[in-house]
Amino acid sequence: MADAVSQLIDVMQRELDGQQRLAVLLEGKIEAMRHYDLAQLDALNRSEQKLMENLRLHAMRRQEVVQLAAHRLLSGQSHTSVSARELAEAAGEPGRSRVMTLAGLLREVIGQVQRLHRIHAVASRKLMTHFEHVFQVIAQSGRDTSLYGRAGRRELVQHNRLVDATA
């Protein structure tokens with residue numbers, strides 16, 4: 001029984017560490033967006049992908065440990081959705097206080113990560129809207145403005161298009 005509680009505490013601590021690293025990484029991404037540091041943003045995106053994959057694998061491990069702990073601590077009850085509070089109450093001290101502390105810290109850090117994700121999403125949408133506006137201006141700059149010259153006829157003006165600029 002103590003083994004199940006120690007495994008649960010270990011997996012919760014690892015999840016807390018991963019979520020804290022994710023929060024720091026997301027704050028770094030927002031700061032890189034503020035300074036238009038595309039190289040840093042790209043590096044942070046790659047780091048975020050690796051960290052998210054590790055967190056996904058860790059979540060699978062957490063599910064296994066929670067099921068094991070529920071089976072050992074809550075024998076005879078349904079284990080489909082067991083809360084940290086239920087496991088902590090069944091664990092007894094000193095595991096109970098440690099599980100509850102980690103659950104509270106996880107709740108706070110996950111809330112912070114969700115807030116940072118929302119900020120990142122809003123900033124990304126605004127950036128995309130800005131680029132859309134820039135592309136509209138570029139697209140319209142290639143249209144004929146229908147201006148007339150001194151002779152009273154439309155002048156043929158050569159317009160550079162985005163394709164010409166990148167070729």
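The values are calculated or read from the model by the stated rules, or taken from the named source; none is laboratory data. Everything numeric in this text was worked out from a predicted model, so none of it was measured. Ideal geometry is used to build each Cβ from the backbone, glycine not excepted, and the neighbour counts take in all protein chains shown.
Quick notes on this one:
- Residue count, segment 93-104 (criterion: surrounded by fewer than 16 Cβ atoms within 10 Å (Cβ to Cβ) and either of a type in the set (Gly, Ala, Ser) or in a helix (DSSP H, G or I) (or both)): 3
- For segment 111-167, the tally of residues that are at pLDDT 70 or above and part of a helix (DSSP H, G or I) stands at 30.
- Answer residue from segment 10-25, given it is free of Cβ contacts under 8 Å to residues at least 40 places away in the same chain and touching a Leu at 6+ places or on another chain (Cβ under 8 Å) and is farthest from residue 47 (Cα to Cα) among those: 21
- Residue in segment 68-80 that is part of a loop (DSSP other than H, G, I, E, B) and aliphatic (A, V, I, L, M) present: yes
- Among the residues making up segment 26-53, a single one is farther than 14 Å from residue 120 by Cβ and in contact (Cβ under 8 Å) with a residue 24 or more places away in the chain: 51.
- Residue match in segment 29-42 (condition: touching a helix residue (DSSP H, G or I) at 6+ places or on another chain (Cβ under 8 Å), closer than 30 Å to residue 95 by Cβ and in a helix (DSSP H, G or I)): no
- In segment 79-93, the count of residues that are in contact with a helix residue (DSSP H, G or I) (Cβ under 7 Å, 6 or more places away or on another chain), among the charged types (D, E, K, R) and touching a residue at least 24 places away in the same chain (Cβ under 8 Å) is zero.
- Residue that is loosely packed, with under 13 Cβ neighbours inside 10 Å and either touching a His at 6+ places or on another chain (Cβ under 6 Å) or not aliphatic (A, V, I, L, M) (or both), where the choices are 3, 37: 3
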